[in-house]
Amino acid sequence: MNTSAYLVLLQTFLFSSCMSDVVDEEESNSGKDNSCAIRLRHSGKCEGDECPYQVSLPPMTIQLPKQFQLLEKTLNEVQNLKESINKLKKSCQECKLQADDHQGKDSNEVQVPGSATPTENSRVENNKIQELQTKLNKVSASLKNARNQINDLQSRLEMANLVNMDNVHNYVDSKVSNLTFVVNSLNSKCSSKCPAEGSTLIQLVYRNCADHLKAGKKVNGIYKVTPDLQNNTFEVYCDMETLGGGWTVFQKRQDGSTNFNRTWADYKNGFGNLSNEFWLGNDKIHLLTKKGDMQLRIELEDLKGVKEYAKYKQFYVANEYLKYRLTVGGYDGTAGDALLFNKKYNHDQKFFSTPDKDNDKYPSGNCGAYYSSGWWFDSCMSANLNGKYYHKDYKGVRNGIFWGTWYSVSDAHLNGIRKAFKSVKMMIRPNSFME
Ligand SMILES: [Ca+2]
């Protein structure tokens, strides 16, 4: 049944029960009592067959078919949908507001305060980019410049590497050679042309015994010499007889009266008696030889009275700072070259050692202490002219005066007997000396 059918049924019911209560509007207004709970009144003029009525009904329950529940449910769903749509609308509006807010903040980051329009923002951003581009170009130019400078320095460094230490050494060596040549040529000029002219000078300063001889001193004995004007004058023993004389003696052994088992300080300053046995002193020997033109002569005599000699064209003793290092060479003579015996025993370029100062080449001990001597020990020796003075041949440690080429270094064939020497003399004279 549809809705219009129910209206017809309602009208039938009303008219059948309360037809008497149908009144005109005019009667109702007059206040007549009406016992019928259902009242029907005219509410307007009739038009054709239809008239308008106003129906008053008492409270009542109407039974409706199930289909009305669907309507109600549909209405509820529509209502729910409407609410959901409203919520979504509200959410969208909030989102939009937040988005706008963010957009405003972002634009502020590149915005100069006060400028607000998008066009201005864009212009400011462009300026910023241009500024950054300019800075970038500047940095790039600086880097290029630095790179060029580094390349320049690298090429200079390569040039500098070419001038390495070897080249410097070679340069210095060549200069020193040139200077040595000039000095030597000047020396030879003076020695060959100036003796007569220099006689006045030699008479004033006696550098060594040769100067005294030139001044006319022809007697062996003690003389004062000044080998270096910057150092003191000191006494020496002069041999004015051997091979024309003029020899400055710096060591002499002849009777064993002087002990040669001495300290570094003793050998430095000298000891003994210039008229008998002595060591002149390493400092003085250095001063006498420092000009580098001295020859060395060694004279030896054994207990049988056999005399031999060894001479060296070159003889130089360095200063104490260089441990009185010996430079010796250019052997000639009859006693044999015991100072440069072989590779194992070579006294050239060796430091001076004493019983209390080990500068030798022997790693396991002190040659000076073992052989009771101050000497230019190697490891240890093929010559030792400062050894103990024995008055006769001896046995045991070979710590006596020794010259390795006189007797065999091993001297095994002597059944361990060590040969002693009667006398030793070490003396120097300038190579330029004219006999
Ligand atoms: Ca040693």
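The values are calculated or read from the model by the stated rules, or taken from the named source; none is laboratory data. Small disclaimer: the values here were computed from a predicted structure and weren't measured. Backbone-built Cβ (ideal geometry, glycine too); neighbour counts: all protein chains shown. Just the protein is used for accessible areas: all its heavy atoms, side chains included, with ligands, DNA and RNA removed. Shrake-Rupley method; radii C 1.70, N 1.55, O 1.52, S 1.80 Å.
Observations on the structure shown:
- Qualifying lysines (Cα of each under 23 Å from Cα of Lys128; at least 8 residues distant if same chain): Lys105, Lys138
- FRET E, pair Val219, Gln254, Förster distance 22 Å, beta-carbon r, rounded to 0.05: 0.75
- Of the GluC sites (Glu not before Pro) in the stretch 216-299, the ones in a loop by DSSP (not H, G, I, E or B) with at most 12 other beta carbons within 10 Å are Glu241.
- Within the stretch 333-355: backbone nitrogen closer than 18 Å to the Thr327 label point (7 Å, Cα to C-beta): 340, 347-352
- Residue-span extension gain [Ser91 to Asn273] - 0.36 nm each, minus C-alpha spacing: 52.9 nm
- Alpha-carbon centroid distance for the pair the stretch 309-377 / the stretch 231-256, whole angstrom: 20 Å
- Spin-label model, Val306 to Gln98: label points 7 Å out along the Cα-to-beta-carbon direction sit 12.4 nm apart.
- Residue-normalised accessible area of the stretch 330-413, expressed per residue, 1.4 Å probe, Å²: 44 Å²
- Whole-Hz ³J(HN,Hα) from phi, Karplus 6.51 cos²θ - 1.76 cosθ + 1.60, for the stretch 394-404, glycine and proline x: 9, 10, x, 4, 7, 9, x, 4, 9, 9, x
- Magnitude of the charge dipole for the stretch 235-312, about its Cα centre and with charges confined to Cβ atoms of Lys, Arg (+1) and Asp, Glu (-1), is about 260 debye.
- Accessible area of the stretch 229-285 divided out per residue, in Å², using a probe of 1.4 angstrom: 41 Å²
- Filter on Lys252/Lys307; Lys224/Lys313; Lys218/Lys422; Lys284/Lys422 - keep pairs with C-alpha separation over 22 Å: Lys224/Lys313; Lys218/Lys422; Lys284/Lys422
- For a straight C-alpha distance cut-off of 24 angstrom, the lysines reachable from Lys135 (same-chain residues fewer than eight places away being disregarded) are Lys144.
- Each of Asn282, Gln230, Val306 was scored by the projection of its Cα onto the charge dipole of the stretch 209-433, and the greatest displacement toward the positive side belongs to Val306; charges sit on the C-beta of Lys, Arg, Asp and Glu.
- Surface share of carbon and sulfur [accessible, 1.4 angstrom probe, percent] for the stretch 209-433: 47 percent
- Radius 9 Å from Cβ of Gly256, net charge of other residues (Lys, Arg +1; Asp, Glu -1): 0
- Sequence-distant lysines (8 or more away, or on other chains) whose Cα lies within less than 26 Å of Lys73: Lys82, Lys87, Lys89, Lys90
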